[in-house]
Amino acid sequence: MANKEIKKSKRKLRWQIKLILIITLIILYAFFIGTKGIFIKDYVIKTNKIDNSMHGLKILQFSDIHYGSSVNDKMILQLINKINDAKPDIVIFTGDLIDERHKLKDEEKKYIIKNLSKIEADLGKYYITGEEDFKDATSILDLADFINLDSKNQQVYLNSKIPIELIGKQIDESYFNDNDKTPYFKLLILHNPDDIKKYKKYNIDIAIAGHTHNGGINIPKLKDILISSDYKKTYQKVNKIKFYINPGIGTSNINVRLFNHPTIYLYRLNKTSK
């Protein structure tokens, strides 16, 4: 009996050691590997609302850099190279450039401006602000030749009289009284996903947002607890609107990402007959 008890105790100890090792590896991964590298996720958007000249047009979204969190100068450079390698026609930033915990230095500001200015997009670079985008963030984006669309809309043309329409997160709802029935492809740009509630009754084709970081820790059930928004998935339909929520580049509060690498989205418009 004594030998059996000893063997049982040894087996239990081995499993405890294995469990501790697994937990330790997961924690190390979340802090030191999960926050690194930048992935790109490709979406094909089929629509009959664009001209043939816009077939294959590429719209790139990046979000929630939170510079000063897990994002440093090296990662900014990696992000810019990743964006330009995708050769987008339009680039959209959906908010939270500088982490609110980080006191930005002048040389850091100059560095970010210099590199964001290198982003190439023939049909324009646009942004909307997040809840952490104060004066430093907006001045950086403005000086890097991004156009603020917070309360504006922008019609974008490409060898055609038919535009696609970019709509900012604070657009006055009276805009839709005049434009909701226009046959243009409409893209709503948000930071906080919950803001879509104000616009879900309108004739919008796709909406994009950021803010949630996909919960930081991408484990079912646990992720849903960590996301404060009513919209938990990175893609869902809201009425007839295709709604994409970008998991962002940086981190918030705690510098961890688990099964949830920094990601940018690339949307390819495909012209259909119907």
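The values are calculated or read from the model by the stated rules, or taken from the named source; none is laboratory data. Here the structure is a predicted model, which means the values were calculated and not measured. Note that we place each Cβ from the backbone using ideal geometry, even for glycine, and neighbour counts take in every protein chain shown.
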Query raised in the report: Hey, among the residues in the stretch 55-73 that are in contact with a strand residue (DSSP E or B) (Cβ under 6 Å, 6 or more places away or on another chain) and more than 30 Å from Ser252 (Cα to Cα), which one's surrounded by the most Cβ atoms within 10 Å (Cβ to Cβ)?
Result: Leu57
Query raised in the report: In the stretch 32-51, is there at least one residue being at pLDDT below 90, touching a strand residue (DSSP E or B) at 6+ places or on another chain (Cβ under 6 Å), within 29 Å of Leu190 (Cα to Cα) and outside any strand (DSSP E or B)?
Result: yes
Requested in this report: Considering (1) touching a strand residue (DSSP E or B) at 6+ places or on another chain (Cβ under 8 Å); (2) under 30 Å from Asp136 (Cβ atoms); (3) buried (at least 17 other Cβ atoms within 10 Å of the Cβ), say which one His102 fails and leave the rest.
Outcome: (3)
Query raised in the report: Mind checking whether some residue in the stretch 74-91 is over 20 Å from His211 (Cα atoms), of a type in the set (Asp, Glu), part of a loop (DSSP other than H, G, I, E, B) and touching a strand residue (DSSP E or B) at 6+ places or on another chain (Cβ under 7 Å)?
Result: yes
Report task. Looking only at the stretch 225-241, count how many residues are surrounded by 12 or more Cβ atoms within 10 Å (Cβ to Cβ) and acidic (Asp, Glu). Result -> 0
Query - Test: residue in the stretch 144-160 that is touching a helix residue (DSSP H, G or I) at 6+ places or on another chain (Cβ under 7 Å), exposed (fewer than 15 other Cβ atoms within 10 Å of the Cβ) and more than 17 Å from Ser63 (Cα to Cα) - result: yes
